[in-house]
Amino acid sequence: MIRKANFSFSLFHLFFVIPLLTLTSIQADESLPGPGKDGITITVEKGQTLSVISKTYLDDPRKWKELLKSNKIDNPNLILPGMKLWIPASLGKRPIAEIARSRGQSFVFLHSKKETSWSNASAGVGLFLRDEAKTEADSLLELHLVSGSQLELAPSSHVLIERVKSDTEPDTFFLRRGRMKAIVSKSNGTTLKKMFILRTPAAIADVKGTEFLTEVDEKENTSLACYEGNVAVSAQNVTVEVKAGYATFVEKGKAPTTPFLIPNAPKIEP
């Protein structure tokens with residue numbers, strides 16, 4: 001009798017419970033917002049609970065119910081390793097970047113707070129997805145990212161936060177104009193091929209732990225110099241690997257030049 005009961009229980013789980021869990025996981029994954037939505041998609045790892053995920057990405061373990069609602073999942077017990085979860089930027093409290101140092105006339109445009117104009121930048125101000133930062137002449141701005149990377153914005157420069165790093169996507173910034181030094185944190189065992197992406201009007205730079213300097217001139221041409229590690233610079237379907245001690249130049253609408261030797265890294269000072 002005991003064997004029969006166990007056998008029936010196993011069949012029930014095999015044909016009803018397991019397919020239900022699988023179907024629910026697929027439905028949750030398919031309901032995730034498409035590209036262009038503000039937020040990140042993560043993959044649930046073994047041992048992760050909803051409260052742990054909420055604490056890690058939202059700074060509040062009590063927000064797990066809101067996380068479920070955003071993913072259209074009714075039962076918290078159906079969160080399984082390997083499934084995808086959408087984490088909207090609107091739920092997060094922790095900024096993507098924080099102003100560590102500001103000198104002279106520098107400003108931020110906080111789209112995340114629905115602001116409609118530029119405001120003065122000061123140390124401690126947090127920046128979220130789609131927020132912008134710029135410096136005027138004789139000013140300097142230093143940003144520290146949650147991922148561990150650091151950015152230094154030189155005078156007369158302008159940068160936009162396009163995407164925040166997750167387990168599937170790297171930090172992505174857009175340098176509209178000016179000069180920016182980036183010290184990108186190392187991979188620390190992650191499977192990501194890129195830890196940081198910098199876009200400009202003329203090129204895209206893919207990075208995985210390095211130090212480099214990028215400049216966008218008044219004609220929107222891009223110069224990139226690498227001082228540690230290497231950077232893959234792409235434009236017009238052509239990619240060049242820029243190693244430490246080398247640089248490349250990208251004229252807007254053209255392919256990157258062959259990397260050339262450069263002197264030591266300069267310090268960004270107004």
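The values are calculated or read from the model by the stated rules, or taken from the named source; none is laboratory data. Computed from a prediction, not measured in an experiment: that's the story for all the values here. Positions of Cβ are backbone-derived with ideal geometry, glycine not excepted, and every protein chain shown enters the neighbour counts.
Among the candidates Ala225, Ala232, the residue that is aliphatic (A, V, I, L, M), part of a strand (DSSP E or B), under 17 Å from Arg179 (Cβ atoms) and in contact (Cβ under 8 Å) with a residue 24 or more places away in the chain is uniquely Ala225.
Among the strands (runs of 3 or more DSSP E) confined to segment 61-169, the ones with at least 2 residues that are crowded, with 17+ Cβ neighbours inside 10 Å and modelled with pLDDT of 90 or more are located at 97-103, 106-109, 132-135, 140-145, 150-153, 158-163.
Any idea which residue in segment 201-222 is modelled with the lowest pLDDT, counting only those that are buried (at least 22 other Cβ atoms within 10 Å of the Cβ) and in a loop (DSSP other than H, G, I, E, B)?
Let us first name the residues in segment 201-222 that are buried (at least 22 other Cβ atoms within 10 Å of the Cβ), namely 202-203, 205, 207, 210, 212, 214, 216, 222.
If we keep only those that are in a loop (DSSP other than H, G, I, E, B) too, we end up with 202-203, 210.
Numbers: Ala202: 97, Ala203: 97, Thr210: 90.
Looking at the filtered set, the residue picked out is Thr210.
Picking from Val216, Val231, Val238, which residue would you name as being out of contact with any strand residue (DSSP E or B) (no Cβ under 8 Å at 6 or more places or on another chain) and in the same structural domain as Gln150 (by TED's automatic domain parsing)?
On the way: Val216 fails: out of contact with any strand residue (DSSP E or B) (no Cβ under 8 Å at 6 or more places or on another chain); Val231 fails: out of contact with any strand residue (DSSP E or B) (no Cβ under 8 Å at 6 or more places or on another chain).
After ruling out the rest, the residue left standing is Val238.
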